[in-house]
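The values are calculated or read from the model by the stated rules, or taken from the named source; none is laboratory data. What you are looking at is a predicted structure, and each value in this text was computed from that prediction instead of being measured. As a convention, Cβ positions derive from the backbone with ideal geometry for all residues, glycine included, and neighbour counts pool all protein chains shown. Ligands, DNA and RNA are excluded from the accessible area calculation, which covers all protein heavy atoms including side chains. Shrake-Rupley method; radii C 1.70, N 1.55, O 1.52, S 1.80 Å.
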Amino acid sequence: MSDTPSTDTTVESIRKALPGYRVMAWATGLWLIALCYEMVMKYGFGDDSLGWIAVVHGWVYFVYLLFTANLAVKVRWPIGKTVGVLLAGTIPFVGIIVEQVQTAKIKDRYGI
């Protein structure tokens, strides 16, 4: 028995990791938009009642980092690409766009 994983095992692990990445990319993007709304309300109108949005977004982004790093290891992204995808979750709408592009590439490359 070989110590290296088979291609089928690799594709299956990518198939399992991809939905988590996709969901977290969207969740992070939506919470980032909510965070922008909070900042407008806080600094534009003096409304401090929405401070919890920043906390939720921070935790959602942390989970996004974990899911993205997991997928990056499985598809063997170079470190620069991995960092770029991780940082995409910090810019409104960009994380969602990057998720769409990367998902299409992964599906095409691995036949998922």
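By a 1.4 Å probe calculation restricted to protein chains, Ile91 has an accessible surface near 90 Å², given to the nearest 10. Candidates Pro92, Val56, Val40 compared by Cα position along the dipole of the chain: farthest toward the positive end lies Pro92, with charges placed on Cβ. Listed by chain and number, the lysines whose alpha-carbon sits under 28 Å from that of Lys107, ignoring those within fewer than 8 places in the same chain, are Lys16, Lys74, Lys81. Taking the structure as given and computing Kirkwood radius over Cα pairs in Å, which label from [x] 14.6; [y] 15.2; [z] 16.1 fits? Checked against the structure: label [y]. For the chain, the Cβ-based charge dipole about the Cα centre amounts to some 380 debye (Lys, Arg positive; Asp, Glu negative; other atoms uncharged).
Could you tell me which trypsin sites (Lys or Arg not before Pro) in region 1-97 are loop residues by DSSP with no more than 15 other beta carbons within 10 angstrom of their beta carbon? Walk me through the intermediate numbers first.
Working: sites: Arg15, Lys16, Arg22, Lys42, Lys74, Arg76, Lys81; in loops: Arg76.
Counting only loop positions with at most 15 other Cβ atoms within 10 Å, the trypsin sites (Lys or Arg not before Pro) in region 1-97 are Arg76.
The portion of the accessible surface of the chain made up by carbon and sulfur, rounded to a whole percent, is 69 (1.4 Å probe; DNA, RNA and ligands excluded). Classified by the C-alpha gyration tensor, region 54-112 has a prolate form. Its axis ratio a/c, with a ≥ b ≥ c, is 1.5 or above, and a/b is larger than b/c. Rolling a 1.4 Å probe over the protein heavy atoms gives the chain an accessible area of 62 Å² per residue.
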